[in-house]
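Reviewing the structure listed below.
The values are calculated or read from the model by the stated rules, or taken from the named source; none is laboratory data. Everything numeric here is computed off the predicted structure, so don't read it as measured data. In this analysis, Cβ positions are derived from the backbone assuming ideal geometry, glycine residues included, and neighbour counts consider all displayed protein chains.
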Amino acid sequence: MNEQDLEVIRNAIGGDTKAISDLLGRHGPAVERTLRIGSTWQAMIEPADVMQVTYLEAFLRIKTFDPDRGTSFEAWLRRIAENNLRDAVKGLSRKKQPQPRDRIKPGGYEDSLVGLYEMFSASISTPSHKVARSELCKVVESAIDALPERYAKVIRLYDLEGRPIEEVASELERSTGAVHMLRARAQDRLREVLGSPSIFFGTNP
């Protein structure tokens, strides 16, 4: 990695949005060309959809990239893209074989908020058993509000309002595969926010 590239990367890590945009513009097309989508899913997942979610994730995670570890930015971006593609395939596979806990049962909005929290309860350690139901709903709402806009929207449309995946895809102007990727990343981010004690004690996540 030459000094000029290293400087752009360090600027991106430091919060320079132009620098990260330049990196994505330079390396994104090469990563997109390497994506291999199985024939079963090619009608439902476009490489461009994978990259759109990947670019969002790269913006959110750029501070975790360490150029001193010897991994190139392109290799780091490719790993994110491949993970996103895998998430999309898993999401579409679940659609063919629905999992009992993969979707919140229809009910009132409060029930949906509590159900959403319970989806993550086994993997987070916040003191939900000590929190009143109404307060837990406020906590989940606050956590969703802390997400990037598209993450929050896919959670609200699909998980809370229970809309069909095709309708959510139309609303977001994305393919169903892209929505599954977006939802997987949104749930990961929401799990992180809900797993922070600060969300239960009145400070910003």
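Just give me the residues in segment 158-183 being among the polar types (S, T, N, Q) and in contact (Cβ under 8 Å) with a residue 60 or more places away in the chain, in sequence order.
If we filter segment 158-183 for residues that are among the polar types (S, T, N, Q), which is where we start, we get 170, 175-176.
Those that are among the polar types (S, T, N, Q) and in contact (Cβ under 8 Å) with a residue 60 or more places away in the chain: S175, T176.
Filter segment 70-94 for residues that are surrounded by fewer than 15 Cβ atoms within 10 Å (Cβ to Cβ) and either closer than 14 Å to V179 by Cβ or modelled with pLDDT under 90 (or both) and give the result.
Of everything in segment 70-94, those that are surrounded by fewer than 15 Cβ atoms within 10 Å (Cβ to Cβ) and either closer than 14 Å to V179 by Cβ or modelled with pLDDT under 90 (or both) turn out to be G70, T71, R86, K90, S93, R94.
Can you name the residue in segment 2-20 that is assigned to a helix (DSSP H, G or I) and loosely packed, with under 14 Cβ neighbours inside 10 Å and is also nearest to the chain's Cα centre (by Cα) among such residues?
Taking segment 2-20 as the starting set, the residues that turn out to be assigned to a helix (DSSP H, G or I) are 3-13, 17-20.
Within this subset, residues satisfying the condition of being loosely packed, with under 14 Cβ neighbours inside 10 Å are 3-4, 6-7, 10, 17-18.
Details: E3: 32, Q4: 31, L6: 27, E7: 28, R10: 24, T17: 19, K18: 22 Å.
Among residues in segment 2-20 that are assigned to a helix (DSSP H, G or I) and loosely packed, with under 14 Cβ neighbours inside 10 Å, the one nearest to the chain's Cα centre (by Cα) is T17.
Could you list, in sequence order, the residues of segment 152-196 that are of a type in the set (S, T, Y) and surrounded by 22 or more Cβ atoms within 10 Å (Cβ to Cβ)? Please lay out each step first, then the result.
Just the residues of segment 152-196 that are of a type in the set (S, T, Y), to begin with: 158, 170, 175-176, 196.
Answer for segment 152-196, where residues must be of a type in the set (S, T, Y) and surrounded by 22 or more Cβ atoms within 10 Å (Cβ to Cβ): just Y158.
Confirm whether T54 is in a loop (DSSP other than H, G, I, E, B) and at pLDDT 80 or above. Break it down stepwise before answering.
Values: in a loop (DSSP other than H, G, I, E, B): no; at pLDDT 80 or above: yes.
So T54 does not fit the description; no.
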